[in-house]
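The values are calculated or read from the model by the stated rules, or taken from the named source; none is laboratory data. Being a predicted model, the structure only gives us computed values, none of them experimental. Neighbour counts are summed over all protein chains in view; Cβ atoms, including those assigned to glycine, are modelled from backbone coordinates with ideal geometry.
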Amino acid sequence: MNYSDKVMDHFINPRNVGELENPDGVGQVGNVNCGDIMRMTIKVVDNRITDINFKTFGCGAAIAVSSMVTEMVKGKTLEEAVLINRDDVAVALGGLPDKKLHCSNLGTDALKAAVNDFWRRTGQPQKVVKLED
Ligand code: FES
Ligand code: FES
């Protein structure tokens with residue numbers, strides 16, 4: 001199985017790892033295929049994601065995907081952020097092996113869950129989006 005240089009870069013040197021203090025939204029999801037867990041915390045200012053961290057028990061592909069997701073969504077509006085799907089992330093990473101495509105659900109779903117949490121906390125439940133997995 002071959003990983004692209006970008007996947008290796010984000011796996012070896014993942015961006016935005018950890019947990020934000022006093023986050024405005026928290027999303028935690030499990031992957032139905034492998035049982036791994038992903039948690040994301042976000043800060044929101046004026047409807048934009050100003051900061052985001054992730055923590056995962058997932059595999060290397062999940063780490064690379066989540067790292068890439070955090071870079072892709074910083075500065076985006078919440079509505080823009082939840083439109084990013086697993087294929088967008090796989091493309092941004094220069095591709096993922098077929099067997100590892102499900103791992104990218106963890107990244108995009110944890111992000112969506114964190115945004116959904118923000119929308120629920122702020123009285124906008126009508127905006128809540130469905131997860132992919
Ligand atoms: Fe579990 Fe990749 S195999 S997240
Ligand atoms: Fe857990 Fe892949 S099944 S790392």
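Here are some notes:
- Candidates D24, D51, D46: the one that is buried (at least 18 other Cβ atoms within 10 Å of the Cβ) and acidic (D, E) is D24.
- Filtered residues of region 92-130 (kept if within 27 Å of D24 (Cα to Cα) and among the small types (G, A, S)): A92, S104, G107, A110, A113, A114, G123
- Restricted to region 27-99, the set of helices (runs of 4 or more DSSP H) holding at least 2 residues that are in contact with a strand residue (DSSP E or B) (Cβ under 7 Å, 6 or more places away or on another chain) and within 10 Å of ligand 1 (Cβ to nearest atom) comprises 60-73.
- Filtered by the rule that a residue be away from ligand 1 (no atom under 16 Å from the Cβ), not β-branched (V, I, T) and not in a loop (DSSP other than H, G, I, E, B), region 1-26 gives D5, K6, D9, G25.
- With respect to (1) away from ligand 2 (no atom under 14 Å from the Cβ); (2) acidic (D, E); (3) farther than 28 Å from G123 by Cβ, the lone exception for D36 is condition (1).
- Listed by first and then second residue, the pairs linking a residue in region 93-120 that is at positive phi to a residue that is buried (at least 19 other Cβ atoms within 10 Å of the Cβ), with Cβ atoms under 9 Å apart and 6 or more places separating them unless they lie on different chains, are G94/Y3; G94/V7; G95/Y3; G95/V7.
- Residues in region 17-45 that are farther than 19 Å from F118 by Cα and not small (G, A, S) were compared, and the one that is modelled with the highest pLDDT is V17.
- The numbered conditions (1) away from ligand 2 (no atom under 16 Å from the Cβ); (2) of a type in the set (A, V, I, L, M); (3) surrounded by 18 or more Cβ atoms within 10 Å (Cβ to Cβ); (4) farther than 16 Å from L131 by Cα are all true for A61 except (1).
- For M8, the conditions (1) out of contact with any helix residue (DSSP H, G or I) (no Cβ under 9 Å at 6 or more places or on another chain); (2) in contact (Cβ under 8 Å) with a residue 24 or more places away in the chain; (3) not hydroxyl-bearing (S, T, Y) are fulfilled apart from (1).
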